[in-house]
Amino acid sequence: MAGQVVAAGDIDVDFLPIIYQYLRCLEKEQPDLGRVSQESSLKVLELQRKIQTAREQVRKLPGVEYSREEQLRRLEALRKQLALKKHLLLKYKAKSEGPH
C-alpha cells in the first residue's frame with residue numbers, strides 16, 4: 001500500500017462546525033438572497049477541502065483494499081485465533097495452578 005497508514009481514530013470527520021459556520025453566514029445574508037458572500041464561499045471551500053482530506057485518509061486505512069467479504073473472512077479468522085489463544089491461556093493457567 002502506498003503512503004502512510006492511518007488509524008481510523010486519527011481521521012478528522014468533524015464537519016459540523018464548518019457546516020454551522022456556513023449556515024450562520026447564510027443567516028446573515030438572508031435579506032439579500034440573490035447574493036452569496038465571499039465568507040459563505042470560503043466556508044464551502046473549507047468544507048470541500050476537509051471532506052477531500054478525510055477521503056484521502058480513509059484510503060490509507062489498513063484493509064480498505066479488501067472487499068467486504070474478505071474483510072469479514074479475516075475478522076472471523078482473527079476471532080477464532082483469539083478464542084483459541086484464550087482457551088490455551090486458561091488451559092496453561094489451570095495446569096500451573098494444579099497440585100504441585
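Coordinate-derived values only; no laboratory data. Everything numeric here is computed off the predicted structure, so don't read it as measured data. All Cβ positions, even for glycine, are placed from backbone atoms using ideal geometry, and neighbour counts span all protein chains on display.
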For helix 16-29, report the angle its Cα long axis makes with the longest principal axis of the Cα atoms of the chain; keep it between 0 and 90° and round to the nearest 10°. 10
Taking Ile11, Ile51 and counting other C-beta atoms within 10 Å, the order from fewest to most: Ile51, Ile11
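Rounded to the nearest 500, what is the 222 nm mean residue ellipticity of the chain from helices alone, with -39500 (n - 2.57) per DSSP H run of 4+ residues and division by all residues?
Working: 3 runs with 66 residues, N = 100.
Computed mean residue ellipticity for the chain: -23000 deg cm²/dmol.
Can you tell me the FRET efficiency between Lys93 and Ile11 if r is taken as the Cβ-Cβ distance and R0 is 41 Å, rounded to the nearest 0.05?
Details: r = 39 Å, r/R0 = 0.95.
Computed FRET efficiency for Lys93 and Ile11 comes out at 0.60.
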Report, to the nearest 10°, how far helix 68-97 tilts away from the longest principal axis of the Cα atoms in the chain, using its own Cα long axis and a range of 0 to 90°. 40
Please check: in the Gaussian network model of the chain (C-alpha springs, under 10 Å), which one of Leu84, Leu72, Leu45 has the largest mean-square fluctuation. Leu84
Given H placed on each backbone N at 1.01 Å, which residues far from Leu61 in sequence or on other chains put an amide H within less than 5 Å of it? Val6
List, in order, the whole-Hz ³J(HN,Hα) value for each residue of the stretch 41-49 obtained from phi through the Karplus relation with A = 6.51, B = -1.76, C = 1.60 and θ = phi - 60°; use x for Gly and Pro. 4, 5, 5, 5, 5, 4, 5, 4, 5
Diffusion constant of the chain at 37 °C, which comes from Stokes-Einstein with the Kirkwood Cα-pair radius and 0.692 mPa s, µm²/s: 178
Leaving out same-chain residues fewer than 8 places away, which lysines sit with a Cα under 28 Å from that of Lys43? Lys28, Lys60
Dipole magnitude of the chain, debye to nearest 20 (Cβ charges: Lys/Arg +1, Asp/Glu -1, about Cα centre): 860
So the FRET efficiency between Lys50 and Leu75, C-beta based with R0 = 30 Å and rounded to 0.05, is 0.50
